[in-house]
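Beneath this line is the structure, given in structure tokens, with notes to follow.
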Amino acid sequence: MAFTKQQQLKLKQAKEVLTELGLPLAQCNDRSGWVLLALAGIKPSNGWASATAPLLPTVNIMDFIRKYYGKDYKPNSRETIRRGTLHQFEQARVVDRNRDDLTRATNSKDNNYSLNQPILDILLEYPDGDWKTKVQDYKGMVPELAAQYERALDMHKIPIVLPSGETIKLSPGKHNQLHAAIVEEFCSRFIGDGGKLLYIGDTASSRKEGGKLMVLENEYLESLGIPPMSHDKLPDVVVYDEHREWLFMIEAVTSHGPVSPKRWIELEEAFKDCLVGIVYVTAFPDHAEFRKNAADIAWETEVWIADNPSHMVHFNGDRFLGPHEKE
């Protein structure tokens, strides 16, 4: 489609600002220019002195570009904008993510982006004011801006003390809070000092994207007959009870499903050569989440609910906690 002169001018100006900020060439293209215009709320008829810094989810950014600049990004382009522009803007401290709530999980539908104050100050001076001096000030501040942001994020991370005594920190979010409860409450109560954590992931992003790997003891798993595999095929937490020789496969349910009959079959096939007994556990943060999923839980598995940590629900009928004989 043909763009108006006002639309073309604003895009050219946005790209000039990005270039002056020193962003890589791939983040000075049309897409990134339109994203900057959306983040600043600059319509084709606006002057840059009207720039603002609202909290915008990616879909709102796309809606703004479509409405005011005629570029119709399809819904499946959301990841392109997020991974190809917004992530780099965040790394360069052009934007903050979730300024309103740093504990929000990265895969939340409520994620948003907003311009940093130094960037807003630059735009308010563009193109006739002393904006280039402010660009140089911004470049000098980038390391400290990044450090401040990392310190703020670190304050909200979830510390977990592993059975070894080592402490790791998981990204904020409901799923990782449940991970912490599994290690600190479930393992201490139902596995004890013989427990060895063999796998836990940081679900900073969705399972589809592949969360940040925190602990994966591949060699130890192989010694138990578990073949090397992509960590997204493992349950959320894997713990080995060295005293009883039981391998606990624990699914943490906040958004993903429990150990259902289908998931049980998949896990049984994946771990068919395991040399020790396997205990399948579905962990829930509370009874409300348990009730939503109760009908999908497989027999011969266990359930643990974090808000009532001293009890378990046994979906088997013939025994309490422990592995079952393979038929």
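Annotations
- Sub-6 Å Cβ pairs linking a first residue in the stretch 44-57 that is in contact (Cβ under 8 Å) with a residue 12 or more places away in the chain to a second residue that is part of a strand (DSSP E or B), at least 6 apart or interchain, are Ala53/Ser114; Ala53/Leu115; Leu55/Ser114; Leu56/Tyr113, ordered by first then second residue.
- The condition of being assigned by TED's automatic domain parsing to the domain that holds Thr52, modelled with pLDDT under 70, surrounded by 14 or more Cβ atoms within 10 Å (Cβ to Cβ) and polar (S, T, N, Q) does not hold for Asn116.
- Inter-residue pairs, beta-carbon under 7 Å, first touching a residue at least 60 places away in the same chain (Cβ under 8 Å) and basic (Lys, Arg) and in the stretch 113-135, second assigned to a helix (DSSP H, G or I) and surrounded by 13 or more Cβ atoms within 10 Å (Cβ to Cβ), 6+ apart: Lys132/Glu20
- For the stretch 53-96, the tally of residues that are in contact with a Ser or Thr (Cβ under 9 Å, 6 or more places away or on another chain) and on the phi > 0 side of the Ramachandran plot stands at 1.
- Matching residues in the stretch 70-86 - criterion: being within 26 Å of Val135 (Cα to Cα), touching a Lys or Arg at 6+ places or on another chain (Cβ under 9 Å) and not hydrophobic (A, V, I, L, M, F, W, C): Gly84, Thr85
- Selection status of Pro127, under 19 Å from Leu11 (Cα atoms) and either exposed (fewer than 14 other Cβ atoms within 10 Å of the Cβ) or at pLDDT below 90 (or both): yes
- Selection within the stretch 232-256 - in a loop (DSSP other than H, G, I, E, B) and at pLDDT below 90: Leu234, Pro235, Asp236, Thr254, Ser255, His256
- Which listed residue, of Leu55, Leu36, Leu23, Leu18, is at pLDDT below 90 and within 19 Å of Asp121 (Cβ to Cβ): Leu23
- Filter result (outside any helix (DSSP H, G or I) and under 20 Å from Leu216 (Cα atoms)) within the stretch 257-273: Phe271, Lys272, Asp273
- Among the helices (runs of 4 or more DSSP H) confined to the stretch 50-121, the ones with at least 2 residues that are charged (D, E, K, R) are located at 58-69, 78-81.
- Leu9 being crowded, with 16+ Cβ neighbours inside 10 Å and in a helix (DSSP H, G or I): no
- Residues in the stretch 60-89 that are at pLDDT 95 or above and of a type in the set (Val, Ile, Thr): Ile61, Ile65.
- Output for the stretch 12-47, where each listed residue is assigned to a helix (DSSP H, G or I) and of a type in the set (S, T, N, Q): Gln13, Thr19, Gln27, Ser32
- Filtered residue count, the stretch 164-213, keeping only those that are in a loop (DSSP other than H, G, I, E, B) and either modelled with pLDDT under 85 or within 22 Å of the chain's Cα centre (by Cα) (or both): 15
- Matching residues, the stretch 246-298, being of a type outside the set (Ser, Thr, Tyr), surrounded by fewer than 19 Cβ atoms within 10 Å (Cβ to Cβ) and either under 20 Å from Ala180 (Cβ atoms) or in contact with a His (Cβ under 6 Å, 6 or more places away or on another chain) (or both): His256, Pro285, Asp286, His287, Ala288
- Flag set for Leu145, criterion: more than 25 Å from Arg78 (Cβ to Cβ), modelled with pLDDT under 85 and either assigned to a helix (DSSP H, G or I) or not assigned by TED's automatic domain parsing to the domain that holds Pro24 (or both).
The values are calculated or read from the model by the stated rules, or taken from the named source; none is laboratory data. Being a predicted model, the structure only gives us computed values, none of them experimental. Positions of Cβ are generated from backbone atoms using ideal geometry, with glycine treated the same way; all protein chains shown enter the neighbour counts.
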